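Read-outs throughout are calculated quantities, based only on the coordinates presented, and are distinct from any laboratory measurement. Since the model is a prediction, treat every value here as computed from it, not as a measurement. When we count neighbours, we look across all protein chains shown, and the Cβ atoms used for this are built from the backbone with ideal geometry, even at glycine.
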Amino acid sequence: MPDLDVFRAELQSWLAGNAPESLRGRGSSALDGVWGGRKWVFDHPDQKPWLERCAGRGFTAPTWPREYGGGGLSSAEAKVLAQELARLRMPPPLIGFGLTMIGPTLLRFGSEEQKREHLPRICRGEIRWCQGYSEPDAGSDLASLQTRAVRDGDHFVVSGHKVWTSYADECDWIFALVRTDPAARKQEGITFLLIDMDTPGVSVRPIKLISGSSPFCETLFDGVRVPVRNVVAEIDGGWTVAKALLGHERSMIADAFGAGAGGTTRRQGLAELARGYLGGTGELADPLLRDEIARMEMDTRAFLLTVQRSRDAAKAGQQPGAETSMFKVHGTELNMRRNELMVRIAGPQALGWEGPGFDEEELARTRDWLRSRGNSIEGGTSEIQLNIIAKRVLGLPD
Amino acid sequence: MQLVLTEDQELLAKTARDFVAARSPVSRVRELRDRGDATGFSRALWKEMAGLGWLGIPFAEEHGGAGLGMAELCVVMEALGRTLAPEPFLSTVLLGGQALRLGASAARQAEWIPRIVEGDAIVTLATSEPRGRFEPCHVETHAEAAAGGFRLTGEKSQVLDGHVADLLLVPARTRGAVDDAAGITLFALRPGAPGLTIERQSRIDGRNAALLRLTDVRVSAADVVGEPDGGAPIVEAAIARASVGLCAELLGAMQAAFERTLDYLRTRVQFDAPIGSFQALKHRAAREFIAIELSRSAVLAAARAVDAGDDEAARLVSLAKAQCSEAAILVANESIQMHGGIGMTDEHDIGFYLKRARAAELSFGDAAWHRRRWAELSGY
């Protein structure tokens with residue numbers, strides 16, 4: 001395709017002059033990424049110019065329309081961009097929920113004013129977004145949420161308590177589900193509302209986990225005045241927006257498993273780890289551990305083959321198969337099993353919280369194990385996932 | 001390696017499923033058993049399957065085959081597995097047929113493979129002995145050198161379709177200790193050979209099998225398949241393919257048992273509700289679904305790796321066998337449990353799926369055996 005070749009050539013020459021050498025190979029894990037926002041501090045001097053240059057070309061959001069700060073690229077062109085960035089091993093210039101969640105939501109459901117107000121600032125990394133969904137009394141049963149938004153002229157007055165808001169203490173704006181009609185059926189009285197975290201009455205408390213500090217926070221709203229123009233789609237019509245976003249989130253998680261995230265691809269082999277603690281060469285001295293390690297590897301492989309099968313089917317132009325519905329529940333459980341096995345292999349050396357007598361890897365592995373207990377809960381519990389499989393895939397009755 | 005079926009494979013799958021659904025319902029298993037059928041399968045149906053080209057799938061075109069591989073054969077085996085069809089694919093097309101294809105002389109192949117492909121000959125391979133458990137190289141049956149050949153003495157158990165085989169491939173030890181891989185020679189025997197008794201065995205899964213007793217059975221040097229002392233690689237290669245085919249059968253069986261059980265969950269009413277609305281059963285059914293999907297991926301990968309001669313083929317065969325064995329047992333156990341009392345009756349078909357699952361699990365190495373093999377092949 002000649003146009004695509006021209007695009008690629010131009011892109012390559014632009015990258016040659018604009019992609020800082022210092023960032024090449026820097027990876028794209030959450031720890032290294034640029035999340036942006038008013039409070040953001042870059043940890044490498046070349047990240048800011050890289051972000052600004054990409055934002056100037058709309059490359060932070062390649063397929064979004066140009067008038068909102070995106071690149072206006074077709075999906076084929078966006079693929080070319082991704083390939084060229086991968087070739088140079090450049091990290092993405094910007095990451096975050098603005099690009100992955102609220103941006104696509106505004107493009108689909110937002111008003112023209114909302115798109116013009118928020119999307120360009122997302123694209124430039126000026127505003128960082130978090131998600132306000134779960135509440136202490138509304139987890140799996142999200143629709144039972146109670147954060148109240150009472151109409152007062154041109155504003156809603158918001159009071160309530162959101163929990164598990166990732167990075168709320170570092171974010172500028174929050175998209176939240178609030179209850180605008182307590183009398184209606186629970187899904188029908190919910191509104192999708194955009195709230196500036198700097199508004200008086202918003203406060204944030206970090207949540208410590210059993211594994212130590214985490215990006216999670218509680219976000220409290222105490223009589224927060226939010227302009228009615230910050231409602232996305234219809235008042236009381238927020239559940240539709242939320243469902244679309246949840247579906248989008250789920251396919252992102254499925255894709256992430258496809259790309260090898262979710263911890264199912266590992267750096268150090270289990271057998272190698274075991275040898276470190278058991279000693280010896282050749283056959284592992286503990287036959288039960290040997291069996292467990294083999295089982296872990298084999299189960300992981302069967303899962304990866306299933307992910308591959310699903311990708312092969314997609315490439316062959318087939319509809320996503322039923323097997324994709326098991327990625328979250330099974331992928332997380334494999335990850336948890338693996339973390340558990342690694343801790344047991346280390347024996348008493350896995351008992352360190354911090355300090356002397358434990359090496360960095362041992363401490364990290366133990367924290368990872370503790371943190372991984374949350375994998376089967378966050379993003380839709382395993383129990384909910386099994387319910388969904390039973391209903392949607394197996395057609396079992398309610 | 002693409003883990004999706006090609007268009008041709010999809011067409012083959014559909015044809016096979018339709019044929020099996022129309023011509024080989026699972027009730028045949030009970031019928032054949034109850035009337036004590038001497039053959040244990042239908043020779044007429046076998047010929048029809050030959051006519052459809054199924055028997056020739058993995059054999060060379062020069063022998064009348066299709067020159068295809070395990071990928072295509074697994075598509076057919078899965079269809080057959082859905083209704084536990086008893087026709088001798090495992091013994092003849094896989095065990096005996098692959099041993100011939102991979103190890104026999106050109107002359108012997110030319111003599112037997114076309115007849116296999118046409119559905120005119122049953123050939124089998126003896127892979128186990130009573131004290132061998134899962135080790136194909138545990139061979140106590142011994143071959144003493146004798147004028148112009150050998151004398152074979154020993155016992156082979158559960159030789160698939162041994163009671164009707166026209167040709168029996170029998171490993172015997174020419175050298176070495178009982179568990180050595182080296183020193184095993186593969187011999188081609190005809191039924192009726194003096195000193196060879198063949199007794200039909202009755203297995204829980206109704207699979208046709210026979211006990212062979214050899215007492216000084218005379219064979220000539222020409223009856224050696226492959227090289228003297230070099231039989232183990234042929235036997236292992238045949239077992240590898242048979243394992244993959246068996247896994248494909250298991251996949252069909254577990255899928256069919258699962259579907260029947262889902263139907264039951266949707267329709268059986270107790271406490272004024274379909275029992276499929278009870279969350280405990282929903283969750284267990286969802287777990288079965290996951291196990292079946294993982295099994296499908298493993299079978300697809302193993303078949304393709306074997307066809308490609310991949311370095312990883314042996315590991316992937318072990319993965320498939322371990323995964324499918326455990327999944328099939330899970331599904332079969334759950335299927336009976338979820339059917340309640342009627343699941344335990346002989347009259348209901350679901351029990352046959354458990355019997356097949358167990359028999360398959362305990363053939364060619366169970367899951368634990370294959371996990372050990374995976375560890376060995378992986379260097380730990």
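Under a Cβ-Cβ limit of 4.7 Å, which cysteines in chain A have nobody to pair with?
A:CYS54, A:CYS123, A:CYS217
Output needed: Cys residues of chain B lacking any neighbouring Cys C-beta below 4.7 Å, sorted by number.
Cysteines of chain B left without a disulfide-compatible partner: B:CYS74, B:CYS137.
Amide H to amide H under 5 Å from B:ALA182: which residues, 5+ apart in sequence or cross-chain, H placed 1.01 Å off N in plane?
none
Please identify, among B:ILE275, B:ILE239, B:ILE184, the residue showing maximal mean-square fluctuation in a Gaussian network model of chain B using a 10 angstrom Cα cutoff.
For chain B, modelled as a Gaussian network with Cα springs under 10 Å, the answer is B:ILE275.
Tell me which of B:ALA145, B:GLY379, B:MET338 sits at the most positive position along the dipole axis of the protein assembly as shown, charges placed on C-beta atoms (Lys, Arg +1; Asp, Glu -1).
The one lying farthest along the dipole's positive direction is B:MET338.
B:VAL225's amide H: which non-local residues (gap 5+, or another chain) put their own amide H closer than 5 Å, with H modeled 1.01 Å from N in plane and none for Pro or chain starts?
Result for B:VAL225 returns B:LEU186, B:PHE187, B:ALA188.
What lysines does A:LYS48 reach when the alpha-carbon gap must be under 23 Å and sequence neighbours fewer than 8 apart in one chain are set aside?
Within reach: A:LYS39.
Calculate the dipole size of the protein assembly as shown relative to its Cα centre from +1 charges on Lys and Arg beta carbons and -1 charges on Asp and Glu beta carbons; express the result in debye to the nearest 20.
580
Taking a ≥ b ≥ c as the square roots of the Cα gyration tensor eigenvalues, with a/c under 1.5 meaning rounded and otherwise prolate when a/b beats b/c, else oblate, which class fits the range B:7-120?
oblate
For a quick check, take a GNM of chain A with Cα springs below 10 Å and name the residue from A:GLU112, A:GLU52, A:GLU218 with the largest mean-square fluctuation.
Between A:GLU112, A:GLU52, A:GLU218, it is A:GLU112 that shows the largest mean-square fluctuation.
For chain B, modelled as a Gaussian network with Cα springs under 10 Å, which listed residue fluctuates most, B:GLY309, B:GLY119, B:GLY183?
B:GLY309
Treating cross-link reach as a plain straight distance, find the aspartates and glutamates whose alpha-carbon is under 13 Å from the alpha-carbon of A:LYS186, omitting any fewer than eight places away in the same chain.
A:LYS186 reaches A:ASP141, A:ASP236.
What 222 nm value per residue comes from the helices of chain B, counting each DSSP H run with n ≥ 4 as -39,500 (n - 2.57) and dividing by all residues, nearest 500 deg cm²/dmol?
Using -39500 (n - 2.57) per qualifying helix, the result is -16000 deg cm²/dmol.
Taking the Cα-to-Cβ direction at B:GLU259 and at B:ALA147 and moving 7 Å from each Cα, how far apart do the two end points lie in nm?
6.1
Quick check for you: which residues of the range A:173-199 have the amide N under 15 Å from the point 7 Å beyond the Cα of A:ASP222 toward its beta carbon?
Backbone N within reach: A:199.
When the Karplus curve 6.51 cos²θ - 1.76 cosθ + 1.60 is applied with θ = phi - 60°, which whole-Hz ³J(HN,Hα) does each residue of the range B:64-78 get, with x for Gly and Pro?
Working through the residues one at a time gives x, x, 9, x, 9, x, 4, 4, 6, 4, 5, 4, 5, 4, 4 Hz.
Would you pull out the residues with amide H under 5 Å of A:SER111's amide H, same chain only if 5 or more places away, H placed 1.01 Å from N?
Hits under the 5 Å cutoff: A:ALA233.
Listed here are the pairs A:LYS115/B:LYS282; A:LYS208/A:LYS328; A:LYS328/B:LYS321; which of them are more than 31 Å apart at the Cα? Please list the in-between numbers first.
Numbers: A:LYS115/B:LYS282 43 Å; A:LYS208/A:LYS328 24 Å; A:LYS328/B:LYS321 25 Å.
Beyond 31 Å: A:LYS115/B:LYS282.
I need the phi-derived Karplus couplings for the range B:13-27: 6.51 cos²θ - 1.76 cosθ + 1.60, θ = phi - 60°, integer Hz, Gly and Pro marked x.
4, 5, 4, 5, 4, 5, 4, 5, 4, 7, 10, 9, x, 4, 4
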